[in-house]
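Below you'll find the structure, written out as structure tokens, and then a few comments.
The values are calculated or read from the model by the stated rules, or taken from the named source; none is laboratory data. As the structure is a prediction and not an experimental result, all values here were calculated from the model. Every residue, glycine as well, gets a Cβ built from its backbone with ideal geometry; the counts of neighbours run over all protein chains shown.
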């Protein structure tokens, strides 16, 4: 899978300007050899480039949890959701001083291929409504990832969305 850095960067900058998030970041599977190793590759609104040093396994950290479950993650208040002594498990939250986040799986050919993170440096700014809006912006894909189709439920199109929240993390 080839990646076009400029395409990803332009798309996440558009998402950031549209949503008002302080940070938008994309984590992708590094390569086929390290199939379940995720790295934060692109960001807009980042405080520094330390996030690029983060390497996550499936099920670990924000990206790892979303990658493993294939479900969005909403943490409206980091201070209420994550104990201070557990923040080391979520390095991007610390490096970028995030207080409220939402993360979505990025799909390609029917499989999770990455994670889109939207975050705020103020508490309770990320909402379910805003996360749904982000989902709508990426449903046709981002970069060279093709997105995920809507499913028909009782004859209506509904997004296949089920949120993980504070209690699930």
(message) For a quick check of your reading: which strands (runs of 3 or more DSSP E) sit entirely within the stretch 63-155 and have at least 1 residues that are within 13 Å of the chain's Cα centre (by Cα)?
(response) 73-75, 100-108, 111-120
(message) Is it the case, given these coordinates, that residue 28 is at pLDDT below 95, in contact with a strand residue (DSSP E or B) (Cβ under 7 Å, 6 or more places away or on another chain), assigned to a strand (DSSP E or B) and more than 21 Å from residue 143 (Cα to Cα)?
(response) no
(message) Cβ-Cβ under 7 Å, sequence separation 6+ or interchain: first residue in the stretch 78-104 and touching a residue at least 40 places away in the same chain (Cβ under 8 Å), partner surrounded by fewer than 18 Cβ atoms within 10 Å (Cβ to Cβ) and assigned to a helix (DSSP H, G or I). Which pairs?
(response) 95/50
(request) Could you tell me whether residue 14 is surrounded by 13 or more Cβ atoms within 10 Å (Cβ to Cβ), assigned to a loop (DSSP other than H, G, I, E, B) and over 13 Å from the mean Cα position of the chain (by Cα)? (result) no
(request) Can you work out which of the residues in the stretch 42-62 that are crowded, with 18+ Cβ neighbours inside 10 Å and not in a loop (DSSP other than H, G, I, E, B) is modelled with the lowest pLDDT? (result) 56
(request) With respect to residue 71, determine if the residue is under 15 Å from residue 9 (Cα atoms) and at pLDDT below 95. (result) no
(request) Considering each residue of the stretch 74-119, count those that are modelled with pLDDT of 90 or more, surrounded by fewer than 18 Cβ atoms within 10 Å (Cβ to Cβ) and in contact with a helix residue (DSSP H, G or I) (Cβ under 8 Å, 6 or more places away or on another chain), and give that number. (result) 1
